[in-house]
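Taking it in order: structure first as structure tokens, then the write-up.
The values are calculated or read from the model by the stated rules, or taken from the named source; none is laboratory data. Quantities reported herein were computed from a predicted structural model and do not represent experimental measurements. Here Cβ is always computed from backbone atoms with ideal geometry, including for glycine, and neighbour counts include all displayed protein chains.
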Amino acid sequence: MKFLRYSQHGRPAYGLLEGEQVSHLEGDIFTNWQRSGKTLPLAELELLAPVQPAAIFCIGKNYRAHAEEFGGPPPERPIVFLKAPNSLNHPQAPIVLPRPEQSVQIDYEAELAIVIGKGGKNIAEAEALAHVFGYTCANDVTARDWQKQDGQWARGKSLDGFCPLGPYIETELDVSDLKVEGRLNGVVVQSARTSELLFSIPYLVHYVSQAITLSPGSIILSGTPAGCGMARSPQLWLKPGDRFEVDIEGIGILENPVQAAG
Ligand code: MG
């Protein structure tokens, strides 16, 4: 099933995508929901990020080729970091760049995001998938210059709107071997399969939940494939007028335009 969230009279509402129609839902998608009976055409809706995450966990360098393009060996254990909640952004909403005098090295990272449905702590790897509600697309947008100069990643990863998410949460998906693609202005710049992940989806849920309680709606970005602008060319830094797509097999396409600072 494909769950989504949309803006209804300025308030968020949940829906279920059924063909080109969206069935409005009542209740809590993680525990108890039902169709209200109202349906709306998908094309008329302003989609929101499909969840308002309690926390945004991210995994660094989880594809060997991406670790290598940054000049390092593959990590021995998952590199866990956070994006602040203010970084959440919606499908089709602009990624607003900082002012050029602040940062000009704005990079894209297409990623499969895990959406936690059932919270928990110290979740066993064998039980991990029972805690997953579904999967969606994410763009771990990053200010590389801030990431480097700060000595840690909080600021460079957490600019307002630097975590586009969506468009849907797919709940019935085998994620062991899916194509993950990033396209800049229609040109493929990142492409890999989830079978290449160094640390698997169940292991990541297990690992992050060690000592950290996961909640319904928490998300874990599973890492980005090789092909970031950082490793390839300054020509690929995001510029006003660009558009970036994260396309994951079985989920859909998350597309965002890029806009100059106001
Ligand atoms: Mg990332």
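Annotations for the structure displayed:
- Residues considered: E46, E76. Of these, the only one that is free of Cβ contacts under 8 Å to residues at least 12 places away in the same chain and either aromatic (F, W, Y) or out of contact with any helix residue (DSSP H, G or I) (no Cβ under 8 Å at 6 or more places or on another chain) (or both) is E76.
So that you can scan it fast, the table gives a plain yes or no per residue for (1) among the charged types (D, E, K, R); (2) part of a strand (DSSP E or B); (3) in the same structural domain as L221 (by TED's automatic domain parsing):
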residue	(1), (2), (3)
Q92	no, no, yes
S103	no, no, yes
E111	yes, yes, yes
I123	no, no, yes
L129	no, no, yes
G134	no, yes, yes
K148	yes, no, yes
G151	no, no, yes
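- Screening the candidates L82, L40 for the property of being aliphatic (A, V, I, L, M), within 16 Å of the ligand (Cβ to nearest atom), assigned to a strand (DSSP E or B) and surrounded by fewer than 16 Cβ atoms within 10 Å (Cβ to Cβ) yields one hit, L82.
- Every test in (1) farther than 30 Å from N122 by Cβ; (2) among the β-branched types (V, I, T); (3) surrounded by 19 or more Cβ atoms within 10 Å (Cβ to Cβ) is passed by I248 save one, and that test is (1).
- Residue, farthest from A54 (Cα to Cα), within the range 163-212, restricted to residues that are part of a strand (DSSP E or B) and without any contact (Cβ under 8 Å) to a residue 40 or more places away in the chain: V187
- The residue that is surrounded by the fewest Cβ atoms within 10 Å (Cβ to Cβ), counting only those in the range 218-245 that are within 12 Å of the ligand (Cβ to nearest atom) and among the hydroxyl-bearing types (S, T, Y), is S222.
This table checks each residue for (1) within 15 Å of the ligand (Cβ to nearest atom); (2) within 19 Å of the chain's Cα centre (by Cα); (3) surrounded by fewer than 17 Cβ atoms within 10 Å (Cβ to Cβ).
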| residue | (1), (2), (3) |
| --- | --- |
| A49 | no, yes, no |
| H66 | yes, yes, no |
| Q92 | no, yes, yes |
| V104 | no, no, yes |
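- When the residues of the range 27-37 are filtered to those that are under 21 Å from G134 (Cβ atoms) and loosely packed, with under 10 Cβ neighbours inside 10 Å, the one that is farthest from the chain's Cα centre (by Cα) is Q34.
- So P202, is it modelled with pLDDT of 95 or more and more than 16 Å from the ligand (Cβ to nearest atom): yes
- Condition met for L159 (within 23 Å of A84 (Cβ to Cβ) and part of a loop (DSSP other than H, G, I, E, B)): yes
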